[in-house]
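J.: I have a structure I would like to understand better, so I am pasting it below and will then ask my questions one at a time.
The values are calculated or read from the model by the stated rules, or taken from the named source; none is laboratory data. Everything numeric here is computed off the predicted structure, so don't read it as measured data. With ideal geometry, Cβ positions are generated from the backbone for all residues, glycine too; neighbour counts draw on all protein chains shown. The protein model used for the area step is the full one, side chains on, heavy atoms only, and it has no ligands, DNA or RNA in it. Shrake-Rupley method; radii C 1.70, N 1.55, O 1.52, S 1.80 Å.
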Amino acid sequence: MLLACRNTGRALIMTGEAFLHIRVALSPKYRHDVLYQMFATGIKSLGVITVVALFTGMILALQTGIELRRFGQEVNIGTAVTLSITREMGPFMTGMIVAASVGSAIAAQLGTMTVSEEVAALELMSINPVRFLVMPRLVAMIIMMPILTVYTDVIGICGGAIVGMTQLGVSLAAYFDNAIRFAANKDLYVGLFKSVLFGIIITTVACHQGFATTEGAVGVGRATRSTVVISFLTILVVGYFVTRLLYI
């Protein structure tokens with residue numbers, strides 16, 4: 001427990017320091033790094049996110065629609081899917097995918113740099129590793145996570161519309177009418193807020209695990225695995241408490 005608290009404190013201090021350096025993110029020195037990390041976080045994740053979001057929306061529509069059909073209310077499938085996607089499943093699935101793909105890659109990259117003493121070399125050259133390595137990844141994650149979440153929401157809702165039209169007999173007009181009528185701006189804003197928090201969590205966990213890597217290649221593998229596991233658990237817990245605070 002003491003070790004976990006100490007590691008949490010170090011991770012939070014590292015993230016706080018990275019936030020202090022955000023002001024230089026758009027400087028010519030760091031602009032390229034930020035843009036590259038945005039590309040690695042966003043564009044490279046689109047394929048997996050598209051497939052997961054599409055079938056998540058389809059599964060939600062199918063399972064919910066089957067139950068609503070028992071009461072003759074399958075026309076409300078658009079509302080159920082839209083609220084589920086925008087409030088919870090959109091940011092949640094995006095966070096899980098980014099943690100598994102981007103978070104693990106960050107941990108492996110920084111872990112390799114740590115065990116090969118490249119991070120120590122940066123410090124010897126008076127280059128702050130947090131500003132040089134963590135800050136561009138943090139900025140990229142904060143920018144791209146809400147964008148990816150909106151993309152996930154749109155694809156998931158369209159997936160639900162496909163199932164509603166082809167398997168539940170709900171027209172596209174009725175589906176989207178219910179989706180728009182009963183969904184509130186708050187639902188979207190809460191989802192976007194969660195996505196920003198999840199992005200910060202993923203970056204914090206991945207960078208801390210990378211910097212704490214020891215024992216060579218074995219340690220890099222351990223850091224990568226720990227990043228994914230810790231990120232998943234933290235996203236689940238934080239997502240629940242955000243929903244609990246904002247909706248009840």
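J.: At 1.4 Å probe radius, can you tell me the per residue accessible area of the range 48-162 in Å²?
T.: For the range 48-162, the per-residue accessible area is 41 Å².
J.: Express the relative contact order of the range 69-205 as a whole percentage, based on alpha carbon pairs under 8 Å and six or more residues apart in sequence. Kindly include the intermediate steps, with their values, before the conclusion.
T.: On the way: 120 pairs, mean separation 71.9, N = 137.
Computed value for the range 69-205: 52 percent relative contact order.
J.: Here's another thing I want to ask about it. Students often check this: by mean Cβ neighbours within 10 Å, which of 24-36, 154-166 ranks highest, and how do the rest follow?
T.: 154-166, 24-36
J.: Also, I was wondering about something else. May I ask you to derive the relative contact order of the chain, considering only C-alpha pairs under 8 Å and at least 6 residues apart, and to give it as an integer percent?
T.: Taking the mean separation of contacting Cα pairs over the length of the chain, I get 34 percent.
J.: Nearest 10 degrees is fine. How inclined is helix 172-182 to the longest principal axis of the chain, computing both from alpha carbons?
T.: Roughly 70 degrees between the two axes.
J.: Excluding same-chain residues fewer than 8 positions from K186, which lysines have a Cα within less than 24 Å of its Cα?
T.: Hits, sequence-local ones excluded: K194.
J.: Once all Cα-Cα distances of the chain are split into 5 Å bins that start at 0, what whole-number percent is in each one?
T.: Values per bin, smallest distances first: 1, 7, 13, 15, 17, 14, 11, 8, 6, 5, 3, 1, 0, 0.
J.: Still on this structure: Rounded to the nearest Å, what's the spacing between the alpha carbon centres of the range 129-186 and the range 55-103? Just the number, please.
T.: Rounded to whole Å, the Cα centres lie 10 Å apart.
J.: Roll a 1.4 angstrom probe over the protein heavy atoms and tell me the percent of accessible area of the range 1-93 that is carbon or sulfur.
T.: Solvent-exposed carbon and sulfur of the range 1-93 make up 70 percent of the total.
J.: Hey, what do the phi angles of the range 51-67 turn into as Karplus ³J(HN,Hα) couplings, whole Hz, using 6.51/-1.76/1.60 and θ = phi - 60°, x for Gly and Pro?
T.: Each residue of the range 51-67 in turn: 5, 5, 5, 4, 6, 5, x, 5, 5, 4, 5, 5, 5, 5, x, 4, 6 Hz.
J.: Under a GNM of the chain (C-alpha, springs under 10 Å), which listed residue has the highest mean-square fluctuation: L60, L122, L133?
T.: The residue with the greatest mean-square fluctuation here is L122.
J.: A further question follows. For the range 136-248, what % of the accessible area comes from carbon and sulfur atoms, probe 1.4 Å?
T.: Numbers: 3820 of 5190 Å².
Heavy-atom surface of the range 136-248 belonging to carbon and sulfur, 1.4 Å probe: 74 percent.
J.: Any idea what angle helix 135-167 forms with the longest principal axis of the chain, computed on alpha-carbon atoms, 0 to 90 degrees, nearest 10?
T.: So the helix axis and the longest Cα principal axis differ by about 20 degrees.
J.: Whole-Hz Karplus ³J(HN,Hα) for the range 9-15, in order, using 6.51 cos²θ - 1.76 cosθ + 1.60 and θ = phi - 60°, x for Gly and Pro?
T.: x, 5, 5, 5, 5, 4, 5
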